[in-house]
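Peer 1: This structure is in structure tokens; I'll ask about it shortly.
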Amino acid sequence: MTKSSTFRLSAREWLEANCPPAMRTPPPEGGIVWAGSRVHFDSTEQQQWFERMRDKGWFAPDWPVEYGGGGLDASDTRILEEELSRLRCRAPMINLGVWMIGPVLLASGSAEQKARHLPGMARGEVAWCQGFSEPGAGSDLASLSCRAERDGDSYVVNGSKIWTSYADRSDWMYALVRTDPAAGKHAGISMLLIDMTTPGVTVKPIDLISGKSHFCQVFFDNVRVPAENRVGAEGEGWQLARDLLGHERRAMSKFGDNNVPGVDFLALARQLLPLADTASRPLLAERVARAAMDEHAYKLTLQRAHEAGRAGQDVSGLVASFKYLHSEQNRERHELLMALAGNEALGWEGDPFDETLLKLTRQWLNSYTYTIAGGTSEIQLNILARRVLGLAASGG
Ligand SMILES: Cc1cc2nc3c(=O)[nH]c(=O)nc-3n(C[C@H](O)[C@H](O)[C@H](O)COP(=O)(O)OP(=O)(O)OC[C@H]3O[C@@H](n4cnc5c(N)ncnc54)[C@H](O)[C@@H]3O)c2cc1C
């Protein structure tokens, strides 16, 4: 038996024994566990699944054991992801530390930063939020203006960050700040790790038209951040942010459907299609078939990229397309379900003929957010056009 098949077998056995059956279904609305000092569990099974995966080191399976990770190589990590997906296991927790800033610290953090921050992320004890976007800087992130001025052993931060997901329940933020306004747009940016309890940090939740929102605006008023909390050199923030956004997009494109409070697309489409009026049914049926084939092709492409990467081929161009493809396909599936459900899917309260439809409107609206978060689809296409296909920029 090869090393890979031995690992697959042991991972499968462990997951079958340790993933409670209730954790093998998509989470209900609001049922995702956000790791951190204020972690909350809705059920015993949720807590068991969290603690068992944590103690196994599988919140961060490919991190070194000394930082609380599982110490797996890339191939075994991929096998573990396949086995988790095969059993339809929920993500035991969500933690931007493990997904985003952790990999950046592993590659570019100081020895002190790694020792201080990585174990807390790997154990799900510290929640992190991302302070990148600002009221005047979204797609054009490099135009950010949140200022950090050096004063002795500290930086003094003034400004604001917006659309910061879950800032109100985060312990730390990794933020992009302008340390040198005289340098070029990209060259004057640095990355700081900011303790959210520092005096001068104010978090204000943002209300949206849909009611509940996890967005916040964060204000910094003369916030003193020790200079040792700067990641990399001064002015290196833009390169670090690009690395980090690469991790974010990869994490988003791997975030399996079983982890998104969602619906079984094909099952629901099959249930709704016979109810559509006879004139539009053939067209809708064709769209359902196309969406299902696209989803299948995407999964095969993920597998192909993995195999090619293992064989030493450069798959960076292919990988750069994943976030765009995954989020747009997800949006199309929800768009289609809305078209199939017709006015049965309007609204999210009341007494629908099917419980699932109650959730559909919210999930449909939510499917658009994935096409914006981590860089909009238009920006992804620009990146693909310029950096992958080498097409010339037209203006802007
Ligand atoms: C669910 C969600 C979670 C988020 N979480 C965070 C977070 O935790 N931390 C954080 O910092 N930010 C977060 N964001 C913010 C997100 O990064 C920004 O919304 C995104 O980068 C777009 O910026 P913007 O909203 O300012 O839109 P804009 O940049 O103003 O864009 C508006 C529209 O113009 C288009 N556009 C802009 N420039 C171009 C161009 N050059 N070519 C073609 N089209 C263009 C865009 O595609 C978009 O359709 C989150 C957003 C969402 C939806």
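Residue-wise test of (1) open to solvent by 40 Å² or more (accessible area, probe 1.4 Å); (2) of a type outside the set (Lys, Arg); (3) within 14 Å of the ligand (Cβ to nearest atom).
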{"residue": "140", "(1), (2), (3)": "yes, yes, yes"}
{"residue": "146", "(1), (2), (3)": "no, yes, yes"}
{"residue": "156", "(1), (2), (3)": "no, yes, no"}
{"residue": "192", "(1), (2), (3)": "no, yes, yes"}
{"residue": "218", "(1), (2), (3)": "no, yes, yes"}
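Peer 1: Within the range 130-157, restricting attention to residues that are small (Gly, Ala, Ser) and part of a strand (DSSP E or B), which residue is nearest to residue 196 (Cα to Cα)?
Peer 2: 131
Peer 1: Can you tell me which of 128, 163, 172 is within 12 Å of the ligand (Cβ to nearest atom), touching a strand residue (DSSP E or B) at 6+ places or on another chain (Cβ under 9 Å) and open to solvent by less than 50 Å² (accessible area, probe 1.4 Å)?
Peer 2: On inspection, the qualifying residue turns out to be 128.
Peer 1: Among 79, 101, which is the only one that is touching a residue at least 24 places away in the same chain (Cβ under 8 Å) and in contact with a strand residue (DSSP E or B) (Cβ under 6 Å, 6 or more places away or on another chain)?
Peer 2: So the residue among 79, 101 that is touching a residue at least 24 places away in the same chain (Cβ under 8 Å) and in contact with a strand residue (DSSP E or B) (Cβ under 6 Å, 6 or more places away or on another chain) is 101.
Peer 1: Given the criteria at pLDDT below 95 and in the same structural domain as residue 106 (by TED's automatic domain parsing), does residue 75 qualify?
Peer 2: Spelling it out, residue 75 is indeed at pLDDT below 95 and in the same structural domain as residue 106 (by TED's automatic domain parsing).
Peer 1: Taking the criterion of being closer than 27 Å to residue 383 by Cβ and within 23 Å of the chain's Cα centre (by Cα), would at least one residue in the range 193-205 satisfy it?
Peer 2: yes
Listed here are the residues, each with its yes/no results for (1) open to solvent by less than 60 Å² (accessible area, probe 1.4 Å); (2) part of a loop (DSSP other than H, G, I, E, B); (3) polar (S, T, N, Q).
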| position | (1), (2), (3) |
| --- | --- |
| 13 | no, no, no |
| 22 | yes, no, no |
| 31 | yes, yes, no |
| 40 | no, yes, no |
| 46 | yes, no, yes |
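Peer 1: Filter the range 369-396 down to residues that are within 6 Å of the ligand (Cβ to nearest atom) and polar (S, T, N, Q) and give me whichever is modelled with the lowest pLDDT.
Peer 2: The residue in question is 369.
Peer 1: Of all the residues that make up the range 361-379, how many are open to solvent by 60 Å² or more (accessible area, probe 1.4 Å) and more than 22 Å from residue 129 (Cα to Cα)?
Peer 2: 4
The values are calculated or read from the model by the stated rules, or taken from the named source; none is laboratory data. The structure presented is a predicted model; accordingly, all values stated were derived computationally and were not measured. We place every Cβ from the backbone using ideal geometry, glycine too, and count neighbours over all the protein chains shown. Just the protein is used for accessible areas: all its heavy atoms, side chains included, with ligands, DNA and RNA removed. Shrake-Rupley method; radii C 1.70, N 1.55, O 1.52, S 1.80 Å.
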